[in-house]
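Colleague: Got a structure for you, written out below as structure tokens; questions coming shortly.
Values in this text are rule-based calculations from the coordinates and carry no lab data. Everything quoted here is computed from the prediction, not taken from an experiment. When we count neighbours, we look across all protein chains shown, and the Cβ atoms used for this are built from the backbone with ideal geometry, even at glycine.
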Amino acid sequence: MKRFLLALLLAFAGFAAWGQATEVAHPDIAVENRLKAIAHELRCLVCQNQTIADSNAPLAVDLRNQVRGMIASGKSDDEIRAYMVQRYGDFVLYKPPFNAVTAFLWVGPALLIALGFAVMFAMFRRRKALAEAAPAPDESRRREIESLLAGDEPKAGR
Amino acid sequence: MAAQPAAGAGKTLKFAIPLAIFVGLCVFLAIGLTRDPREIPSPFIGKAAPDFTLTRLHQPEAKFTPAEMKGKVWLLNVWASWCVSCRVEHPVLNEMSRRGIVPIVGLNYKDARADATRWLDQHGNPYSLSVWDGDGKVGIDYGVYGAPETFVIDKQGVIRYKQIGPITPEVLEKKLLPLLAQLNS
């Protein structure tokens with residue numbers, strides 16, 4: 001039974017490769033490499049958490065072919081990206097540009113870290129001020145502390 | 001101790017600040033939950049509708065370009081026979097056509113002509129005409145990523161609104177009708 005299942009699996013495994021191969025009949029290595037680089041930065045709008053390089057949605061296939069055509073006709077990477085943004089908006093870019101809408105997104109983490117440091121320093125300073133303001137322990141108290149530090153059990157015991 | 005009242009205020013603050021942050025976060029997440037991530041603001045609003053020349057669905061020898069609609073407010077509705085949500089939307093389009101609200105041009109997107117015409121025969125044809133975009137090239141130019149999508153185009157050929165997903169009776173009443181009235185006035 002196991003063998004049969006394995007055979008079945010292997011028989012169907014071939015289809016995956018076949019599906020890949022049909023996209024272009026004679027792939028040009030240089031074009032495919034550039035396509036790969038660009039397609040990894042572009043979001044597939046049908047399946048939003050995938051790039052158009054990863055997705056097998058029909059739209060992703062169309063867009064890959066579109067990018068192939070544009071590379072073949074000598075368009076630069078920036079021109080191709082601009083083409084996509086013009087049609088699908090900034091959302092299509094996995095690395096969103098810095099503008100009024102995305103400013104908080106880009107600056108937010110740095111602001112949070114700065115805020116964290118500010119709070120930390122304020123706490124340090126307050127702790128230091130409190131330590132300085134605390135009254136020095138008197139002689140009998142000091143002896144008790146020292147004996148405790150030396151490892152003696154407190155008199156009351158536990 | 002002298003620091004006692006200050007420490008009391010500090011304690012209230014210590015409690016209030018995280019609570020405020022938590023409430024703020026909840027508000028953000030609650031707003032986030034009500035929004036549909038599939039609805040992406042279209043970069044086309046306020047821009048001229050991209051030009052194209054396509055053949056008509058029912059008359060493959062006749063062409064259509066958006067320039068023919070200049071001077072009219074019209075809808076460009078992206079549909080396909082394989083599109084499930086288009087079936088949901090179709091009765092609303094039929095109703096709009098029956099009431100003669102606005103001319104609707106269909107963009108038959110990545111479909112086979114025979115399938116598309118059969119689908120219209122079955123479900124009714126609300127379109128003034130449909131154009132056939134078999135390879136989806138015009139769809140890409142319009143930033144289509146999921147049928148049905150509907151563009152409202154004004155008399156000057158500028159896109160004023162894009163509906164992503166089916167036009168429901170609610171969308172028709174609350175968004176399209178007021179917008180169309182405003183554009184036609």
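Colleague: If you take every residue apart from A:E32 with its C-beta less than 11 Å away from the C-beta of A:E32, what net charge results, scoring Lys and Arg +1 and Asp and Glu -1?
Modeller: +2
Colleague: How large is the helix-only mean residue ellipticity at 222 nm for chain B, computed as the sum of -39500 (n - 2.57) over DSSP H runs with n ≥ 4, divided by its residue count, in deg cm²/dmol to the nearest 500?
Modeller: Helix contribution divided over all residues of chain B: -12500 deg cm²/dmol.
Colleague: What does region A:26-92 give for Rg and for Dmax, in Å, if only its C-alpha atoms count?
Modeller: 11.0, 32
Colleague: Angle, helix B:84-99 long axis vs. longest principal axis of chain B, Cα atoms, 0 to 90°, nearest 10?
Modeller: 70
Colleague: Within straight cross-link reach of A:K75, meaning Cα distance under 15 Å, which aspartates and glutamates are found once same-chain residues fewer than 8 apart are removed?
Modeller: Cα-Cα hits under 15 Å: A:E32.
Colleague: Please flag any cysteine in the protein assembly as shown that has no other cysteine's Cβ under 4.7 angstrom from its own Cβ.
Modeller: Lacking a cysteine Cβ partner under 4.7 Å: A:C44, A:C47, B:C26.
Colleague: Only loop residues by DSSP count here, and only those with at most 13 other Cβ atoms within 10 Å; note down the trypsin sites (Lys or Arg not before Pro) in region B:122-174 that meet that.
Modeller: The qualifying sites are B:K155.
Colleague: Report, ordered by chain and residue number, the lysines lying within cross-link reach of B:K63, taken as a straight Cα distance under 19 Å and ignoring same-chain residues fewer than 8 apart.
Modeller: Partners found: B:K72, B:K110, B:K137.
Colleague: Work the Kirkwood hydrodynamic radius out for region A:103-149: mean of 1/r over every pair of different alpha-carbon atoms, inverted, in Å.
Modeller: That comes to 14.0 Å for region A:103-149.
Colleague: Which of rounded, prolate or oblate describes chain B when judged by the alpha-carbon gyration tensor and an a/c cut-off of 1.5?
Modeller: Here chain B falls in the prolate category.
Colleague: Turning to a different aspect of this structure: What is the fewest-to-most order of B:H58, B:H90, A:H40 by other Cβ atoms lying within 10 Å of their Cβ?
Modeller: A:H40, B:H58, B:H90
Colleague: Once you keep just the Cα pairs under 8 angstrom separated by 6 or more residues, what percentage relative contact order results for chain B? Intermediate values should be presented prior to the final figure.
Modeller: Working: 254 pairs, mean separation 48.2, N = 185.
The normalised contact order for chain B reaches 26 percent.
Colleague: Here is a further query. How high is the relative contact order of region A:26-92, given as a whole-number percent (alpha carbon pairs under 8 Å, six or more residues apart)?
Modeller: Relative contact order of region A:26-92: 29 percent.
Colleague: Just counting partner chain Cβ atoms within 10 Å, what average do the residues of peptide B:135-145 show around their Cβ?
Modeller: Neighbouring Cβ atoms belonging to other protein chains average 5 per residue here.
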